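Below you'll find the structure, written out as structure tokens, and then a few comments.
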Amino acid sequence: MAPGNNTRVTEFILMGVSDLLELQIPLFCVFLVIYGLTVTGNLGIITLTSVDSRLQTPMYFFLRHLAIINFSNSTVIAPKMLVNFLVSKKTTSYYECATQLGAFLVFIVAEVFMLAVMAYDCYVAICNPLLYMVVVSRRICLLLVSLTYLYSFSTAVVVSSCVFSVSYCASNVINHFYCDSVPLLALSCSDTYIPETIVFVSAGTNMFFSMTIVLVSYFNVVLSILRMSSSEGRKKAFSTCASHMTAVTVFYGTLLFMYLQPRSSHSLDTDKVASVFYTLVIPMLNPMIYSLRNKDVKAALRRFMGNLCCSLKAMQFL
């Protein structure tokens with residue numbers, strides 16, 4: 001090994017979505033619009049579910065936290081990504097990279113389990129409606145959300161510590177648009193068996209348990225809906241969970257596409273495409289899914305805009 005190869009890496013270079021110069025400005029505009037819609041949509045959901053008295057239910061409590069997670073996850077990734085479209089030197093420091101990886105892991109793991117919690121909430125609402133406010137009480141809601149954040153933070157600390165416990169020497173070019181565990185470990189100049197195993201086991205365990213909760217919950221939901229004698233009851237029950245079913249399908253579909261594709265066709269470029277979806281596109285789509293298909297959210301938005309207009313008119317007469 002040449003002497004230069006023993007030099008410890010102090011910064012990384014992010015290749016980004018594409019290295020073609022002619023695509024940098026068009027991609028910047030596209031992702032700026034996506035991030036703008038993500039911020040607007042998720043902050044809108046957070047605001048409506050916080051101020052509207054009719055949305056103070058467990059379902060909208062969990063939806064608020066999903067919006068917080070989506071907003072935070074995109075904010076961890078998008079600003080640095082957008083800056084890198086405009087600069088020639090796409091660098092990130094060693095500690096900035098470690099921080100971004102840790103923050104990303106916190107919110108992506110939190111999203112996986114928040115969707116599972118929301119599936120359980122839907123199961124209780126459809127299958128045990130008379131016990132709903134007892135089984136999903138405010139105390140239980142706070143406990144489920146707290147455990148989700150605590151577990152995601154613990155997972156992020158363990159995994160990111162393992163990824164940055166290995167040595168990074170000569171090579172510092174990350175084939176990605178943010179600091180992720182797989183492309184980072186590909187650069188290591190030391191043995192990566194243990195951190196790779198921990199990353200794989202952690203991802204596999206999280207996917208298995210969260211998907212099990214989701215599948216079991218919705219299996220029972222579908223059975224309960226099919227047993228209903230009233231077509232109006234079936235329609236109302238389905239509409240209660242339709243938005244969440246759509247969000248879950250899009251999110252887990254993307255993750256399964258990424259992790260279950262054949263090894264021969266798997267590449268970091270494919271990972272980048274999938275990562276664009278679950279870090280930027282899905283957080284943009286979720287507020288649309290939950291607002292466009294939800295009468296309560298649309299009604300709350302109309303009330304909020306009406307109150308805002310009345311407040312502005314009142315201020316004009318002062």
Next item on the list: For Thr75, indicate whether it is hydroxyl-bearing (Ser, Thr, Tyr) and within 20 Å of Ile108 (Cβ to Cβ).
Entry: yes
Check: Which residues, taken from region 6-43, are of a type in the set (Gly, Ala, Ser) and within 22 Å of Glu96 (Cα to Cα)?
Finding: Gly16, Ser18
Notebook entry, point to check: How many residues does region 34-81 hold that are exposed (fewer than 15 other Cβ atoms within 10 Å of the Cβ) and closer than 18 Å to Ser275 by Cβ?
Noted result: 1
Item checked: Members of region 81-138 that are among the charged types (D, E, K, R) and over 27 Å from Thr212 (Cβ atoms) -> Lys89, Lys90, Glu96
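Go through Gly44, Gly4 for me and flag whichever is modelled with pLDDT under 95 and under 30 Å from Ala186 (Cβ atoms).
Gly4
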Item checked: Test result for Leu255, out of contact with any helix residue (DSSP H, G or I) (no Cβ under 9 Å at 6 or more places or on another chain) and open to solvent by less than 50 Å² (accessible area, probe 1.4 Å) -> no
Next item on the list: For region 128-154, name all the residues that are closer than 15 Å to Val109 by Cβ and open to solvent by 20 Å² or more (accessible area, probe 1.4 Å).
Entry: Leu144, Ser146, Leu147, Tyr149, Leu150, Tyr151, Phe153, Ser154
Checklist line | Residues within region 94-124 that are of a type in the set (Val, Ile, Thr) and free of Cβ contacts under 8 Å to residues at least 12 places away in the same chain, tallied | finding: 1
Next item on the list: Starting from residues that are in a loop (DSSP other than H, G, I, E, B) and in contact with a Pro (Cβ under 6 Å, 6 or more places away or on another chain), keep the ones in region 167-220 and report whichever is nearest to Phe113 (Cα to Cα).
Entry: His176
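The values are calculated or read from the model by the stated rules, or taken from the named source; none is laboratory data. The structure displayed is predicted, hence computed values, not measured ones. A quick note on method: Cβ atoms are made from the backbone with ideal geometry, for glycine too, and the neighbour counts reach across all protein chains shown. Remember, those area values only see protein heavy atoms, side chains included, never the ligands or the DNA or RNA. Shrake-Rupley method; radii C 1.70, N 1.55, O 1.52, S 1.80 Å.
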